[in-house]
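The values are calculated or read from the model by the stated rules, or taken from the named source; none is laboratory data. Since the structure is predicted, the reported quantities are computational estimates derived from the model, not experimental observations. Backbone-built Cβ (ideal geometry, glycine too); neighbour counts: all protein chains shown. Quick note on the areas: whole protein, heavy atoms, side chains included, nothing else; ligands and nucleic acids left out. Shrake-Rupley method; radii C 1.70, N 1.55, O 1.52, S 1.80 Å.
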Amino acid sequence: MIKISKFIGPATLLALAVAAATPAVAKDYTQFGIEKDLPGTCSYEATDAKDYSGRSLNVITHAIPVIGEPTALHAEQFAALTGAEVNVVHVPFGDLFQRIMIPFQSDQNAYDVLFYASLWIGDFNRFLEPVPQKYIDSTGMSDVTDSFTGVATWNGEMIQYPMDGDRHYLKYRTDIFDNAEVQAKFLADTGSALTVPETWEDYNQVAAYFNNRDWDGDGELNYGSAEVAKRDDLMFSAFISRAAPYAKHPDVKGGFFFDLETMEPLINSPGFVRGLKLFVDAQKSFPPGGNNFGLGDEIFSFGGGQTLMSYSWDDAYVQANQKDSRIRNMVAAAPLPGAGEVWNRDTGTWDTFSTPNRAPYMTWGWSSAVSQMSEEKEMAFDFLCFFANEANAKNDLQIGRFGVNPYRNEHLDVDFWKGQGWEDKTAESYVSTLSDMEESQNRVFDLRVPGVSQFMSSMANGVAEAMAGQKSAQDALDGVAKEWAEITERIGKDRLRAAYANVVKLEDNEG
Amino acid sequence: MLSSKHFFLLPALLTLVAIILFPLLFTVRVSFSSWDVFQSGLDFIGGRNYVRVFEDDRFWQSLQRLSLLSIMSVSLQYTLGFALALAVWKQVRGGRLLRVLFLIPMMTTPVVMSVIWRTVFHESLGPVNDILSAFGVGPVPWLSSATGAFISVLIVEVWQWTPFMFLLLLAGLVSLPKEPYLAAAIDGAGTWRTFWQVTFPLMAPITIGALIIRLIEASKIMDTVYVLTSGGPGTATETSSYYIYIRGLRDFQIGYSAALSLVYLVIMIISLTIIAKLLLRTLVGKDE
């Protein structure tokens with residue numbers, strides 16, 4: 001009779017040997033809506049190993065959609081993985097700033113985690129907890145591009161947690177620009193070749209030529225340009241995109257919006273005035289009602305095939321290339337147009353450039369942070385690290401309405417975008433445009449200082465007055481400059497200068 | 001001397017203090033501070049915010065615009081509301097259904113309706129210009145020209161609030177005594193004469209009440225402007241309440257916006273009191 005006990009020892013050894021030789025089977029996290037978990041510091045697996053049962057996290061974010069939607073999604077996932085209770089408060093954009101600021105100013109620990117517009121760092125910085133080194137060293141963070149690391153940094157310290165990357169660039173219809181027949185007709189009619197606009201003057205000229213024509217043959221009129229021109233609806237970003245190449249001289253350091261030394265506003269300098277004049281002139285190529293277009297209208301107009309060109313964030317580009325879009329793969333990206341003449345404030349003259357001066361504008365973008373008052377800082381940072389982990393970031397990028405755009409080097413991968421069904425030119429032009437912006441030495445960033453909303457609201461009002469014909473470009477910007485000087489006075493020049501130095505550092509590539 | 005019965009007043013008194021007096025007094029206190037995005041807390045800067053209000057051209061221009069908009073919209077609402085109330089006052093077929101239909105705009109949420117109207121007025125994609133183009137008209141710059149935007153805001157306001165006027169005036173008409181009408185009929189007065197010499201004078205107290213209530217509401221117009229035009233193009237539709245919203249909630253100039261609000265409140269109280277007195281004198285013939 002064979003004794004079973006004799007087999008137990010060898011069988012156990014064999015089982016252990018087999019187990020050791022077989023690679024561990026990765027846990028399946030596809031029930032969370034991701035394709036697969038990706039390795040990284042804050043992967044699903046790493047987060048799953050944490051236990052925050054019985055603890056809670058309060059998060060404030062934008063209303064659904066845009067960043068509110070991924071916040072809700074990742075909060076739910078984080079809660080399921082760690083056992084934490086994550087309470088998410090969704091607030092409309094118009095209320096978001098004050099809903100964060102009032103508790104800060106009144107020393108209330110209302111929220112542990114905050115999602116907000118990255119340019120508010122100038123106001124919020126003194127209330128934010130610096131990102132601990134272990135998260136700075138995390139796999140996801142080390143791949144964040146230099147620009148967006150800079151956007152998250154204040155006085156040399158990272159205080160915002162990067163989870164989005166925004167910038168303005170040009171979008172245009174390739175079925176028109178690459179059409180030989182159209183090119184020939186454009187040449188015959190205008191005497192110049194049809195090329196992707198190199199300057200804003202070119203842009204206006206091409207937009208005017210194609211305005212009010214049915215160039216896509218669908219029986220409906222098409223228009224030249226869709227732009228965000230509605231006051232108080234991010235129009236300030238559109239204006240800065242247009243003015244930047246005329247006002248941001250690559251050889252002049254020390255401030256774009258202000259002269260850092262004197263803190264005198266530069267907003268009414270000839271470069272900005274030229275940009276505004278061209279913005280006003282461009283209105284004639286807008287679709288009917290285009291000077292009341294907010295961001296949603298701009299996305300809809302270009303993404304829906306109504307207009308030939310547009311410039312703003314990625315949303316219109318993504319919408320134009322969605323599976324159900326009738327202009328899918330008929331669009332390409334390019335750098336924002338530049339300027340042949342640039343105002344040199346050091347010499348007080350216009351300098352001529354044989355190759356147009358470009359001034360890529362890294363504007364806006366969602367960001368996140370942890371409040372200094374939070375009693376759950378570690379869990380809060382773990383949540384943000386999980387939110388932005390490799391699998392979530394890739395997933396979020398693919399969903400246009402989430403408002404998450406490339407901010408890591410790995411996102412600037414042509415193959416990834418081709419994998420979304422984008423054809424070569426659509427994917428390559430997109431990636432090369434975004435990558436070149438990262439390399440640029442003449443970038444413009446938002447005015448990230450205390451009271452940024454006051455400065456931008458004043459600018460938007462002045463620009464809107466000029467756009468509506470209530471004032472000339474010069475008069476409107478003189479009015480803005482006067483108001484900026486008053487705001488500066490109220491904030492205090494030194495306080496403003498100290499904050500603005502952070503922006504100048506980024507723009508002068510010293511950061 | 002206080003007795004136990006006075007304690008029954010306490011809940012009402014406390015409620016009054018909590019919801020009216022405290023916020024008002026707090027706003028007064030805030031208006032004397034420099035509370036701003038970079039300066040938290042209630043410091044004391046004297047009347048500096050008030051001096052700034054009187055130098056703020058944009059605020060005064062927005063107030064003029066608001067006055068024009070309020071007077072025009074309330075006048076139109078009154079005229080239309082009265083006409084509709086008269087139409088369904090007498091027994092007409094389907095009168096009950098019409099009454100309900102007329103009230104629908106008032107029951108909708110202003111922000112939601114403004115979004116819908118914004119789509120309706122969309123100059124290239126909206127239905128209004130589409131319909132007009134079938135008659136060879138347009139495109140009309142509903143929201144992109146100063147006049148168009150002002151008229152669009154006016155249309156939405158009139159559409160939304162005429163039912164309220166209709167409701168008040170219809171209630172008034174229903175409560176009118178029958179005897180003056182019998183007397184007028186015996187005297188051989190026609191419809192037109194009966195209206196001007198019987199209905200209109202009898203409705204004067206209700207008219208005054210309705211106009212004042214609507215003027216108070218109309219002077220607070222904010223959501224329609226916010227959604228429809230954001231105050232633009234330029235500053236063509238920027239009203240006082242929208243301007244105060246920008247300064248207070250967008251710019252986070254809490255102290256200054258408190259001063260703006262209080263100046264605005266005082267102006268409203270004075271002007272509405274004057275309007276009420278004038279209406280009384282004109283419509284009722286006495287100053288009560």
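Of all DSSP beta bridges located in the protein assembly as shown, what percent are antiparallel, nearest 5? Numbers along the way, then the final one.
Numbers: 27 of 42 bridges.
Around 65 percent of the beta bridges assigned by DSSP in the protein assembly as shown are antiparallel ones.
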Determine ³J(HN,Hα), in whole Hz, for all residues of segment A:423-428 in sequence, where each value follows from phi through the Karplus function 6.51 cos²θ - 1.76 cosθ + 1.60 and θ = phi - 60°; x replaces Gly and Pro. 6, 3, 5, 4, 6, 5
Tell me the net charge near A:Y52. Cut-off is 10 Å between Cβ atoms, A:Y52 excluded, with +1 for each Lys or Arg and -1 for each Asp or Glu. -3
All lysines inside 27 Å of B:K277 as judged from Cα atoms, apart from same-chain residues fewer than 8 positions distant: B:K220, B:K286
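Taking the solvent-accessible surface of protein heavy atoms with a 1.4 Å probe, what is the per residue accessible area of chain B in Å²?
Averaged over the residues of chain B, the accessible area is 53 Å².
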With all protein chains present, segment A:29-118 has a carbon and sulfur share of its accessible area (1.4 Å probe) in percent of 49
In segment B:126-170, the residues losing 10 Å² or more of accessible area (1.4 Å probe, heavy atoms of protein chains only) relative to their chain alone are B:P139, B:L143, B:S144
Taking the Cα centre of chain A as origin, sum charge times position over the Cβ atoms of Lys and Arg (+1) and Asp and Glu (-1), and report the length of that vector in debye to the nearest 20. 460
What angle, in degrees between 0 and 90 and rounded to the nearest 10, separates the Cα long axis of helix A:493-507 from the longest principal axis of the Cα atoms of chain A? 80
Shape call for segment A:198-259 from the C-alpha gyration tensor, a ≥ b ≥ c root eigenvalues: rounded (a/c under 1.5), prolate (a/b greater than b/c) or oblate? oblate
How many angstrom separate the Cα center of segment B:144-191 from the Cα center of segment A:46-100? 51
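Check each of the chymotrypsin sites (Phe, Trp or Tyr not before Pro) in segment B:1-108 and keep only those in coil by DSSP with at most 15 other C-beta atoms within 10 angstrom; list them in order.
Here the sparse-neighbourhood loop sites are B:F44.
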Helix-only mean residue ellipticity at 222 nm for chain A, each DSSP H run of n ≥ 4 adding -39500 (n - 2.57), per residue, nearest 500: -13000 deg cm²/dmol
Summing Lys, Arg as +1 and Asp, Glu as -1, what charge do residues with Cβ under 10 Å from the Cβ of B:P233 carry, B:P233 excluded? +1
Separation of alpha-carbon centers, segment A:356-399 and segment A:246-295, rounded to whole Å: 29
Farthest toward positive dipole pole in chain A [+1 Lys/Arg, -1 Asp/Glu at C-beta], among A:Q474, A:G217, A:A84: A:A84
With loop defined by DSSP as not H, G, I, E or B, and exposure as at most 16 other Cβ atoms within 10 Å, which is the longest segment of chain B clear of exposed trypsin sites (Lys or Arg not before Pro)? B:1-89
At a probe of 1.4 Å, how much accessible area disappears from chains A and B on forming the pair, both sides counted, to the nearest 100 Å²? 3000
Select from segment A:252-293 all residues whose loss of accessible area on going from the chain by itself to the full protein assembly reaches 30 Å² or more (probe 1.4 Å). A:P288, A:G289, A:N291, A:N292
Considering only A:P70, A:M158, B:V153, whose Cα is most displaced toward the positive end of the charge dipole of the protein assembly as shown, charges sitting on Cβ of Lys, Arg (+1) and Asp, Glu (-1)? B:V153
Output the direction-averaged projected area (hull surface divided by four) of the convex hull of the alpha-carbon atoms of chain A, in nm². 29.8
Between 0 and 90 degrees, rounded to the nearest ten: what's the tilt of helix A:452-467 against the longest Cα principal axis of chain A? 40
Can you list the DSSP H helices in chain B whose Cα atoms extend at least 30 Å along the helix axis and whose mean Kyte-Doolittle hydropathy is 0.5 or higher? B:57-89, B:146-174, B:254-279
From the helices alone, meaning DSSP H stretches of at least four residues, give me the mean residue ellipticity at 222 nm for chain B, per-run term -39500 (n - 2.57), in deg cm²/dmol to the nearest 500. -21000 deg cm²/dmol
When the Cα atoms of chain B are enclosed in a convex hull and the volume is divided per residue, what value in Å³ results? 221
What angle, in degrees between 0 and 90 and rounded to the nearest 10, separates the Cα long axis of helix A:473-491 from the longest principal axis of the Cα atoms of chain A? 50
Partners for A:K377 among aspartates and glutamates (Cα-Cα distance below 19 Å; same-chain residues under 8 apart left out): A:D48, A:D51, A:E76, A:E85, A:D107, A:D112, A:E129, A:D137, A:E157
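For chain B, give the magnitude of the charge dipole about the Cα centre (Cβ charges: +1 Lys/Arg, -1 Asp/Glu; no others), in debye to the nearest 20.
720
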Other chains near B:11-20: what is the mean number of their Cβ atoms within 10 Å of each residue's Cβ? 0
